[in-house]
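Visitor: To start, I am sharing the structure in question, which I have written as C-alpha cells.
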Amino acid sequence: MTDLRATGLHPGHGDVDIEVALAEERARTLGKAGASLDAAVQAYREAVRAGRSASEVEERLTLVVHWLYRLRLQRECSGARTDNLGAIQRAYDVPDEAVRRL
C-alpha cells in the first residue's frame, strides 16, 4: 500500500491540496518538455550552422519534431488550446521545417 503522506495527498488536506499537487505536476511536466524542446532546437540549429551531415541534421530535426509534439500535447492536456502551436513556436524559436512535419 502506498504511503499517501509522502505524496501530500493524505486525508485531511482536502481538494485544494490535490489541485495544488496536480498543478505542480503539470508545471513540472511542461517545464521538462519545454527544456527538452529548447535543447533539441539548439542542437538542430548548431548542426545546421556547423554544416553537419544531412543525416545528422535530419536526426536532430526529428528530435525537435518529437519534443514539439510532446510539448504541444502537454499544453493541450493542461488546457492551453488557443494558438497553442503558435505560442510554442514563438517561445522556443521552432524551425518551420519541424512544424511542417507535425
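The values are calculated or read from the model by the stated rules, or taken from the named source; none is laboratory data. All of these numbers come straight from a predicted model, not from anything done at the bench. Reconstructed Cβ throughout: ideal geometry from the backbone, glycine too, with neighbour counts over all protein chains shown.
Visitor: What is the residue count in region 78-102 for residues that are of a type in the set (A, V, I, L, M, F, W, C) and loosely packed, with under 12 Cβ neighbours inside 10 Å? So that I can check it myself, show each step before the final result.
Guide: Taking region 78-102 as the starting set, the residues that turn out to be of a type in the set (A, V, I, L, M, F, W, C) are 80, 85, 87-88, 91, 94, 98-99, 102.
Checking which are loosely packed, with under 12 Cβ neighbours inside 10 Å leaves us with 102.
Of the residues in region 78-102, 1 are of a type in the set (A, V, I, L, M, F, W, C) and loosely packed, with under 12 Cβ neighbours inside 10 Å.
Visitor: Could you give me the residue pairs with C-beta distances under 6 Å whose first residue belongs to region 21-33 and is within 23 Å of Val65 (Cβ to Cβ) and without any contact (Cβ under 8 Å) to a residue 40 or more places away in the chain, whose second residue is surrounded by 11 or more Cβ atoms within 10 Å (Cβ to Cβ) and among the basic types (Lys, Arg) wherever it lies, and which are 6+ apart or on separate chains?
Guide: Filtered contacts from region 21-33: no entries.
Condition check ((1) surrounded by fewer than 17 Cβ atoms within 10 Å (Cβ to Cβ); (2) over 11 Å from the mean Cα position of the chain (by Cα); (3) in a helix (DSSP H, G or I)) across all residues:
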residue: Ala27; (1), (2), (3): yes, no, yes
residue: Gly31; (1), (2), (3): yes, no, yes
residue: Glu46; (1), (2), (3): yes, yes, yes
residue: Leu68; (1), (2), (3): no, no, yes
residue: Leu71; (1), (2), (3): no, no, yes
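Visitor: Going by the structure shown, is Gln42 part of a helix (DSSP H, G or I) and at pLDDT below 95? Before the answer, list the steps.
Guide: Working: part of a helix (DSSP H, G or I): yes; at pLDDT below 95: no.
No, not satisfied.
Visitor: Also, I was wondering about something else. May I ask you to list the residues in region 61-102 that are in contact with a Leu (Cβ under 9 Å, 6 or more places away or on another chain) and charged (D, E, K, R)?
Guide: Of everything in region 61-102, those that are in contact with a Leu (Cβ under 9 Å, 6 or more places away or on another chain) and charged (D, E, K, R) turn out to be Arg70, Arg72, Arg75, Glu97, Arg101.
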